[in-house]
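Everything below concerns the one structure shown next.
The values are calculated or read from the model by the stated rules, or taken from the named source; none is laboratory data. Computed from a prediction, not measured in an experiment: that's the story for all the values here. All Cβ positions, even for glycine, are placed from backbone atoms using ideal geometry, and neighbour counts span all protein chains on display. For accessibility, only protein heavy atoms count, side chains too; no ligands or nucleic acids. Shrake-Rupley method; radii C 1.70, N 1.55, O 1.52, S 1.80 Å.
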Amino acid sequence: MGKYSIGLDYGTSSVRALIVDTGSGQEVGTAVWDYARGEDGVLVDAADPALARQHPADYLEGLEASVSKAMAQAEAETGFKPVDVIGIGVDTTGSTPLPVDVRGEALGLQDAYADNLSALTWLWKDHTGHAEAAEITERAASEHPEYLAKCGGTYSSEWFWAKLLKCSRAAPEVFSAAHTWVELADWIPAVLTGNTAPSSIRRCICAAGHKAMFHPKWGGYPGRSFLAGLDPGLGRVRDTLPGECWHVGQAVGGLTSEWADRLGLSPGIPIAAGAFDAHLGAVGSGIEPGVLVKIIGTSTCDMAVAPLAAELPDIPGLCGIVP
């Protein structure tokens, strides 16, 4: 009997589930679930075209619906059995962070914040923090140019710290209620493994390194004093973040009994650390040293890989993706 893995791809408008035979690479089941809320899955504001949010409930409903549909297809067309699934991997858009409370519960799932756009997920293409991104770029260029050297020389409004800084200023009540912020790529694995407590969340290097200026050379995330200099609240969030990140080849925990029952899978199967959609799309496209992969979707990414031992130059416009 074959063994199978399930891949979950959280995009801009839908979540896709894919079941693959781990021995042959054959696809045996697929499904797409369109987010139910907003315009094509995106919550917008007519007064601000830069705003793009999503509701975390869509992610959970889509998880259950897409996996169930993909497994039903696989069972009907092949010899697939759910008991033969040996792991789950997750990729998402990014930077797509959401605020959570001290217990790790998403604010957007709480009645008090369900209709507050600032308390929902800040989708990758939310550009409301453009002024904040420019401020981060200016301060980093003056105090810590090494931060920018690893992310292309300019910090983007699509990225983690710009969105948090914008929330602090535009919706201070939400920012105060948030104990920390979690990338969608980290939140889904945390939910599946039951590790949603802020101190238990295992954050992926894919998101942290590319969007949140994480690098071992300066101790992980940017220094507390640098972030607090932008806003004291960013310093508080920095205190909640770990000094270690995980890569997609590592398991961050096992599937909980609750989610095993909901999905019809075996409890305890490993859940991989999250990653970004374009990066894993490059892996699926056969990226290797000497091969450039162009991912063209709602955004465009040119990607190449280099050996871990290689010391890449700090070139403006070149973003480092940690293998």
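Name the residue from PRO49, GLY243, GLY254 whose Cα lies farthest towards the positive end of the charge dipole of the chain, charges +1 on Cβ of Lys and Arg and -1 on Cβ of Asp and Glu.
GLY243
Determine the gain in length on full extension of the stretch HIS247-GLU135; use 0.36 nm per residue of separation and subtract their C-alpha separation, reporting nm with one decimal. Could the numbers behind the result be given before it?
Numbers: separation 112, 0.36 × 112 = 40.32 nm, distance 2.99 nm.
Contour length minus the Cα-Cα distance gives 37.3 nm.
Could you rank the peptides 155-166, 263-274, 218-229 by their average count of other C-beta atoms within 10 Å per residue, with the highest value first? Can you show the working numbers first?
Values: 155-166: 24.4, 263-274: 19.7, 218-229: 17.6.
The most tightly packed comes first, giving 155-166, 263-274, 218-229.
So which aspartates and glutamates can LYS150 reach, going by Cα to Cα under 13 Å and dropping same-chain residues fewer than 8 places off?
Counting by Cα, and skipping residues close in sequence, LYS150 has these aspartates and glutamates nearby: GLU311, ASP314.
Is there a quick way to get the dipole size of the range 8-47? I mean about its Cα centre, with the Cβ of Lys and Arg at +1 and of Asp and Glu at -1; what is the value in debye to the nearest 20?
On the way: 2 positive and 7 negative charges, 19 e Å.
For the range 8-47, the charge dipole is close to 80 debye.
Quote the FRET efficiency, to the nearest 0.05, computed for THR30 versus VAL102 with a Förster distance R0 of 51 Å and r equal to the Cβ-Cβ distance. Mind dumping the intermediate values first?
On the way: r = 38 Å, r/R0 = 0.75.
After rounding, the FRET efficiency stands at 0.85.
Per the 1.4 Å probe, what fraction of the accessible area of the chain, in percent, lies on carbon and sulfur atoms?
53
Between ARG262 and ALA228, what is the label-to-label distance in nm when each label sits 7 Å out along the Cα-to-Cβ direction?
My value for the distance between the label points is 3.8 nm.
Relative contact order, percent, of the range 1-106 when contacts are C-alpha pairs under 8 Å separated by at least 6 residues? Don't skip to the answer; put the middle values down first.
Values: 180 pairs, mean separation 35.0, N = 106.
So the answer I get is 33 percent.
In debye, nearest 20: dipole of the chain around its Cα centre with unit charges on the Cβ of K, R (+) and D, E (-)? Intermediate values should be presented prior to the final figure.
Details: 22 positive and 39 negative charges, 125 e Å.
Dipole size: approximately 600 debye.
Helix-only estimate, please: 222 nm mean residue ellipticity of the chain, summing -39500 (n - 2.57) across DSSP H runs of length 4 or more and dividing by its residues, to the nearest 500.
Values: 11 runs with 104 residues, N = 323.
Result for the chain, helices only: -9500 deg cm²/dmol.
Out of residues 5 or more away from GLY152 or on other chains, whose amide H comes under 5 Å of its own, with H placed 1.01 Å from N in the peptide plane?
Answer set, sorted by chain and number: GLY317, LEU318, GLY320.
At 7 Å along the Cα-to-beta-carbon direction for both SER142 and SER176, put a label point, then send me their distance in nm to one decimal.
Modelled inter-label distance: 2.8 nm.
Probe of 1.4 angstrom, ligands and nucleic acids ignored: what's the accessible area per residue over the chain, in square angstrom? Write out the running numbers ahead of the final one.
Working: 13720 Å² over 323 residues.
With the other protein chains kept in place, the chain gives 42 Å² per residue.
Take every Cα pair under 8 Å in the range 53-203 that's 6+ residues apart, average their separations, divide by the length, and report that relative contact order as a whole percent. List each step's numbers first, then the result.
On the way: 194 pairs, mean separation 44.4, N = 151.
The value is 29 percent.
Along the positive direction of the dipole of the range 1-124 (beta-carbon charges: Lys, Arg +1; Asp, Glu -1; about the Cα centre), which of THR121, LEU109, GLY89 reaches farthest?
In the range 1-124, that residue is GLY89.
Return the sequence-ordered ³J(HN,Hα) values of the range 227-238 in whole Hz as given by the Karplus equation 6.51 cos²θ - 1.76 cosθ + 1.60 applied to θ = phi - 60°, using x for Gly and Pro.
With coefficients 6.51, -1.76 and 1.60, one gets 5, 5, x, 7, 6, x, x, 5, x, 5, 5, 4 Hz.
For the chain, with a Gaussian network of springs between Cα atoms less than 10 Å apart, report the residue from ARG139, ARG203, ARG103 with the top mean-square fluctuation.
ARG103
Over the range 1-70, consider all pairs of different Cα atoms and compute the Kirkwood hydrodynamic radius from their mean reciprocal separation; express it in Å, one decimal. Don't skip to the end; give the middle numbers.
Working: mean 1/r = 0.0758 Å⁻¹.
By the Kirkwood definition, the hydrodynamic radius is 13.2 Å.
Please give the length that would be gained between VAL291 and ASP115 if that part of the chain were fully extended, namely 0.36 nm times their separation in residues minus their C-alpha to C-alpha distance (nm, one decimal).
58.8 nm
Determine ³J(HN,Hα), in whole Hz, for all residues of the range 207-217 in sequence, where each value follows from phi through the Karplus function 6.51 cos²θ - 1.76 cosθ + 1.60 and θ = phi - 60°; x replaces Gly and Pro.
Per-residue couplings from phi come out as 7, 5, x, 7, 10, 10, 6, 7, 7, x, 4 Hz.
Could you go through the range 71-83 in sequence order and give the Karplus-derived ³J(HN,Hα) for each residue, using 6.51 cos²θ - 1.76 cosθ + 1.60 with θ = phi - 60°, rounded to whole Hz, and x for Gly and Pro?
5, 5, 5, 5, 5, 6, 10, 9, x, 4, 10, x, 5
Could you work out the relative contact order of the range 154-226? I mean the mean sequence separation of Cα pairs under 8 Å and 6+ apart, divided by the number of residues, in percent. Display every interim value, and only then the final one.
Values: 41 pairs, mean separation 15.8, N = 73.
The value is 22 percent.
Calculate the spin-label point distance for GLU75 paired with TRP218, positioning each point 7 Å from the Cα along the beta-carbon direction, and give it in nanometres.
Reported label-point gap for TRP218 and GLU75 is 5.2 nm.
Structure shown: which of LYS81/LYS211; LYS3/LYS211; LYS125/LYS294; LYS3/LYS294; LYS69/LYS166; LYS211/LYS294 lie over 28 Å apart, alpha-carbon to alpha-carbon? Let's see the in-between values first.
Numbers: LYS81/LYS211 38 Å; LYS3/LYS211 34 Å; LYS125/LYS294 19 Å; LYS3/LYS294 31 Å; LYS69/LYS166 38 Å; LYS211/LYS294 19 Å.
Going by Cα-Cα distance, LYS81/LYS211; LYS3/LYS211; LYS3/LYS294; LYS69/LYS166 fall outside the 28 Å limit.
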